[in-house]
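Reviewing the structure listed below.
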Amino acid sequence: MRVDDLPVPTIGGDRPTTERWPAHLFIGVQRQPVSSYVYDDFTANYDDPEGDFTYDDQQDFPYDRYDLFCNFHGLTITSGTNDPEGRFEAGHVEMTLDNRDGSLSQYDASGRLVDYFPGRALDIWATIDGEAFWLFSGEITAWRERADDTIEAEAFDAFTRLNQKVPQWNPGYYGDTVTERLGKIRDAFFYTGPTRFDHGTVTLHSFFTTATPLEEMQAVALSDGGILFTDADGTLTYRDRMWLLGRGDQPEIPIFSDNVCDAPYTVWDSEMLTDDDVIVNVANLTNVAKVSLSARNDNSVLRYGEHTLEHTADQWISTADGSDLANFLVSRLGDAYLRLEQFSLHLPAPHQDAWRVGIDRRLGDVVTWVHEQAATTGADLLVLNLIVRSINHAITPETWVATFATSRTVGSTIVQRYDRTTYRYDQGGVYVI
C-alpha cells in the first residue's frame, strides 16, 4: 500500500480454503443492515412482550464490506484514458456474479428492495504477502438480475458523484488558488470523499456557471495545465504541471520490454505509436473575461504543419499566467514522441513474477520502456520513460491480464554503442525530463 492511501476496509464473507494465486483478490460491497425480523413478515410478533423481537429489528453486518470473491465469474476495472487536453474519464467496473443461491438478490420474498442497490460502496483490492494494493474504490450504479441467475453489476468512481446537473452557481471567489477553488467546489456540493489537491500555479476568476461540479473541476485543472483523476483508493486527486515528473509515492520505476529478453518484465500485445493526435504547436487561449493570448512553436509548425489548441473558457486572471500556460503547452506538446497505445501483462504467466508490478500500478506512475529495433544506424536500443495514463484489469477465476497505456515519452536514456560513437563501450546516458 502506498504512503497516502486510505486503509482497506474490514471484510467478511466466504472465501476458498486455498487460493492458487500469490495475490488474493477482494471484492468488497457495502451492505445494508440485515433485517432479522420485519413487521408484517408473519415470523415475529410486533413488539414481542418478552422483548425478543421489535418492529423492524436491525442486525448490523459486523464488517465494513461483504466479499463477493466466491460469487464472481469475471470483472474488468478501467481507469484513465485521458484525451489530448488531459481530461480523464471516470474509473469503471463491470462484473458478472453467480446468484444461483439468491444471496445477492436485491429483493426479499415480499418484493421489498433490501440490499445491493445503487449508491452502495464497492471497494476492490488485492493482497500479496499480507500487503494490500488498491485497485478501485467507488459506488454501485447498476445491479441487474438476469434470468440465468447471474448478476451484471456496474460501478463508477468519485467522478459519477460529481457529474450532476445543477442550476446556475458560483464556484468561488476572485483570486482563488487552484486548491482553494477545488475545495470550494467540493464543499458546495457536500462531497465527503477523500481528496488530495496540489496547490497549482494560477489564480482564478469568479463567475456564474451551469457546469456540473466535475466539469468545473476539470476546467480548473485545464486552466492550470494539470490533471484531475480519481486514484485507485477513491481519492479525488489534482496534480499540477509537475505530474510529468511522476508520483512521489511510487516505490520504484519498473522496466518493461516486448523484445529484450533480459528485461525485468516481458509484455504482450504492445503497440508503439507516434501520431499527431497529441501535437499542439499553436495555443490560442481565451479566459472567462474574454482576455485572449496565444503561443506558437514555429519549429514544430515547419516540421508537422499547424496543430492548434483552442481554449475558450480558461479561468486564469493574469495574462502572465495565461502566457506561461500557453508556452508550457506548445513546448510540451509541440513535438512528436513515441507513446505506448497499450501493452499487457499476464500476471499468472509462469516465466516471470509480475504480480506485484502489475497490481501496484497507478495513474501517473513512471515506467521505463526498453525496445530493440532496426534503425538507420543499425540496431538501436530505445530506453524511454513514459507516464501511465490508463489501466485495465481483466480478471476471471482462471486469468488476470493487466493492460496499460502511456503518455508520450517524458524522458530517455541514450545508450552509446561500441564502434558507433566516440564513447566507451555501451556507455549509459542521462535520464532527462
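Any read-out appearing in this document is the output of simple, stated calculations on the displayed coordinates, not a laboratory observation. Given the structure is predicted, the values throughout are model-derived calculations rather than measurements. Reconstructed Cβ throughout: ideal geometry from the backbone, glycine too, with neighbour counts over all protein chains shown.
How many angstrom separate the Cα center of the range 257-292 from the Cα center of the range 332-384?
Centre-to-centre distance over Cα atoms comes out at 13 Å.
Would you mind computing, in nm to one decimal, how far apart the modelled labels at residue 149 and residue 312 are, each placed 7 Å from Cα along Cα→Cβ?
Placing both labels 7 Å along Cα→Cβ, they lie 5.6 nm apart.
With +1 assigned to the C-beta of every Lys and Arg and -1 to the C-beta of every Asp and Glu, and no other charges, what is the dipole magnitude of the chain about the Cα centre in debye, to the nearest 20?
Rounded to the nearest 20 debye, it is 1840 debye.
Out of the range 232-308, which GluC sites (Glu not before Pro) are coil in DSSP terms and have no more than 13 other C-beta atoms within 10 Å?
252, 306
With a sphere of radius 14 Å drawn around the Cβ of residue 353, what net charge do the other residues whose Cβ falls strictly inside it have (Lys, Arg +1; Asp, Glu -1)?
Around residue 353, the surrounding residues sum to -1.
Work out the charge dipole of the range 87-145 with +1 on the Cβ of Lys and Arg and -1 on the Cβ of Asp and Glu about the Cα centre, then indicate which of 93, 136, 114 is farthest towards its positive end.
114
As an exercise, identify the GluC sites (Glu not before Pro) in the range 58-128 lying in DSSP coil whose Cβ has no more than 16 other Cβ atoms within 10 Å.
Counting only loop positions with at most 16 other Cβ atoms within 10 Å, the GluC sites (Glu not before Pro) in the range 58-128 are 85.
Under a Cβ-only charge scheme (Lys and Arg +1, Asp and Glu -1), can you give me the dipole magnitude of the range 136-292 about the Cα centre, in debye to the nearest 20?
On the way: 12 positive and 26 negative charges, 218 e Å.
That gives a dipole near 1040 debye.
Short version: ³J(HN,Hα) in whole Hz for each residue of the range 296-301, in order, from phi by Karplus 6.51 cos²θ - 1.76 cosθ + 1.60 (θ = phi - 60°), x for Gly and Pro, what are they?
Coupling constants for the range 296-301: 9, 10, 5, 4, 5, 4 Hz.
Can you classify the range 162-245 as rounded, prolate or oblate using the Cα gyration tensor, where a ≥ b ≥ c are the square roots of its eigenvalues, rounded means a/c under 1.5, and otherwise it's prolate if a/b beats b/c and oblate if not?
oblate
Stokes-Einstein diffusion coefficient for the chain at 25 °C in a medium of 0.890 mPa s, Rh from the Kirkwood formula over Cα pairs: what value in µm²/s?
100
Compare the Cα positions of 18, 295, 278 along the charge dipole of the chain (+1 at Cβ of Lys, Arg; -1 at Cβ of Asp, Glu; about the Cα centre) and return the one farthest towards the positive end.
It is 295.
For the chain, what is the mean residue ellipticity at 222 nm derived from helices alone (per DSSP H run of n ≥ 4: -39500 (n - 2.57); sum divided by total residues; nearest 500 deg cm²/dmol)?
Details: 6 runs with 54 residues, N = 433.
One gets -3500 deg cm²/dmol as the mean residue ellipticity at 222 nm.
Just in the range 125-195: which trypsin sites (Lys or Arg not before Pro) are loop by DSSP and have at most 14 other Cβ atoms within 10 Å?
Numbers: sites: 144, 146, 161, 165, 181, 184, 186; in loops: 146, 165.
Those satisfying the criteria are 146, 165.
Which of these, 324, 262, 64, has the largest mean-square fluctuation under a Gaussian network model of the chain (Cα springs below 10 Å)?
262
Once the Cα gyration tensor of the range 282-333 is diagonalised, what are the square roots of 5 times its eigenvalues, in whole Å and ordered largest first, as equivalent ellipsoid semi-axes? Could you put the intermediate results ahead of the total?
Details: eigenvalues 89, 22, 10 Å².
Sorted largest first and rounded, they come to 21, 10, 7 Å.
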